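Note sheet for the following structure.
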Amino acid sequence: MTSTLFLVQVLNGLQLGVLLFLIAAGLTLVFGVMDFINLAHGVQYMLGAYLAVAFYGAVGNFLIALLLALVAALAFGLLLDFLVFRHLYERDHLDQVIATFGVILFLNHAVRVVWGAAPLTLPVPDFFSGSVALTDGQLYPVWRLVIIASGLAIAAALYALVNFTRIGMLVRAGATNARMVSALGVNIKRLFMIVFGFGTMLAGFAGIMIAPIISVEPGMGDNILILALVVIVIGGIGSIRGAFVAALLIGLVDTLGRSFSIDILRLMMGPSPARMAGPAIASMLIYVLMAIVLYLRPAGLFPAKGRLR
């Protein structure tokens, strides 16, 4: 283990963390304000990536493709809300889980029909295609730094939006008592639509930003959704601050654990047992962390007041 390798993996962990936050923040907003469990949120991440690939193929410009993909992801999310989700708001959580899981299966198959099962790729924008030198001989892709910076900027903007603007005040009030807010003359359905659409765009943006790094393929949102749910549980259901802290924590723990678990185990056992046990232990680390947090703080690290903070 070298200090340079450690720095690289810390940056990779931060990149994973901000992507998890973009997805978990949307889930937290939707659950905190609307009391709606949307397992299909990971599909929005997948659709963001596919739409970016499609629009880039049509226009040949990454920035324009990003903007078009965000608008299309928002429109598709609102369409899903109109056709499916809003009919589930008054149902119990089990009905919501079953119905949104069905949406996952349907849309995963739909992208296979539209784009095929073969993985697709999205090129890194030319301006950000280079690398920066962390140390002598160690380069790090600029695009990964762009993802980290974009995620942190959105986290700061989201914090300011929720805590210091009128719409943020309405969101926090709706999370505490939606019926009272509606009785005071606020169009609660419009508020719900804004919250849901914003959450959809955050997930779509995460998919767009990661598309130049990984393969765009059906089901790519399933695994990231599981991690996002772990983020929400650890951070505190309905807590945006908790989602941010937990996302960075999980990103670092997962990345560093997978990178250095074998090296750490070699300090306590032979090389062969370490190679066998290391990957298995690394894959369990975030769930062990979740169990520890829930044992010590059952409501999460930063439990929300009402349902959102």
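The values are calculated or read from the model by the stated rules, or taken from the named source; none is laboratory data. Computed from a prediction, not measured in an experiment: that's the story for all the values here. With ideal geometry, Cβ positions are generated from the backbone for all residues, glycine too; neighbour counts draw on all protein chains shown.
Going through Gly13, Gly42 one at a time, which residue ends up being buried (at least 20 other Cβ atoms within 10 Å of the Cβ) and over 15 Å from Ala203 (Cβ atoms)? Give the steps one after another, and end with the answer.
On the way: Gly42 fails: over 15 Å from Ala203 (Cβ atoms).
Result of the check over Gly13, Gly42: Gly13.
Out of the residues in the stretch 240-251 that are of a type in the set (A, V, I, L, M, F, W, C) and surrounded by fewer than 21 Cβ atoms within 10 Å (Cβ to Cβ), which is nearest to Arg144 (Cα to Cα)? Show your work before the answer.
If we filter the stretch 240-251 for residues that are of a type in the set (A, V, I, L, M, F, W, C), which is where we start, we get 240, 243-250.
Narrowing further to those that are surrounded by fewer than 21 Cβ atoms within 10 Å (Cβ to Cβ): 245, 249.
Working: Val245: 20, Leu249: 18 Å.
Ranking the qualifying residues of the stretch 240-251, first place goes to Leu249.
Would you please name the residue that is surrounded by the fewest Cβ atoms within 10 Å (Cβ to Cβ), looking only at residues in the stretch 53-80 that are among the small types (Gly, Ala, Ser) and over 21 Å from Val103 (Cβ atoms)?
Taking the stretch 53-80 as the starting set, the residues that turn out to be among the small types (Gly, Ala, Ser) are 54, 57-58, 60, 65, 69, 72-73, 75, 77.
Next, only the ones that are over 21 Å from Val103 (Cβ atoms) stay: 57-58, 60, 65.
Details: Gly57: 11, Ala58: 11, Gly60: 9, Ala65: 23.
Within the stretch 53-80, the match that is surrounded by the fewest Cβ atoms within 10 Å (Cβ to Cβ) is Gly60.
Report, ordered by the first and then the second residue, all pairs with beta carbons closer than 9 Å, sequence separation of six or more or different chains, a first member in the stretch 91-111 that is under 13 Å from Gly221 (Cβ atoms) and in a helix (DSSP H, G or I), and a second member that is hydroxyl-bearing (Ser, Thr, Tyr) and modelled with pLDDT of 90 or more.
Qualifying pairs under 9 Å: Val111/Tyr50.
Looking at Ile214, Ile237, can you tell me which residue is under 19 Å from Ser150 (Cβ atoms), part of a loop (DSSP other than H, G, I, E, B), more than 12 Å from the chain's Cα centre (by Cα) and not polar (S, T, N, Q)? Please lay out each step first, then the result.
Details: Ile237 fails: under 19 Å from Ser150 (Cβ atoms).
Sole residue among the options that is under 19 Å from Ser150 (Cβ atoms), part of a loop (DSSP other than H, G, I, E, B), more than 12 Å from the chain's Cα centre (by Cα) and not polar (S, T, N, Q): Ile214.
It is to be established whether one or more residues within the stretch 287-296 are over 28 Å from Leu79 (Cβ atoms), more than 15 Å from the chain's Cα centre (by Cα) and modelled with pLDDT under 85. Give the derivation first.
Of the residues in the stretch 287-296, the ones over 28 Å from Leu79 (Cβ atoms) are 287-296.
From what's left, more than 15 Å from the chain's Cα centre (by Cα): 287-296.
Next, only the ones that are modelled with pLDDT under 85 stay: none.
Checking the stretch 287-296: not a single residue is over 28 Å from Leu79 (Cβ atoms), more than 15 Å from the chain's Cα centre (by Cα) and modelled with pLDDT under 85.
Yes/no matrix, rows are residues, columns are (1) at pLDDT below 85; (2) assigned to a helix (DSSP H, G or I); (3) not hydrophobic (A, V, I, L, M, F, W, C):
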| site | (1), (2), (3) |
| --- | --- |
| Ala118 | no, no, no |
| Val132 | yes, no, no |
| Leu139 | yes, no, no |
| Ala155 | no, yes, no |
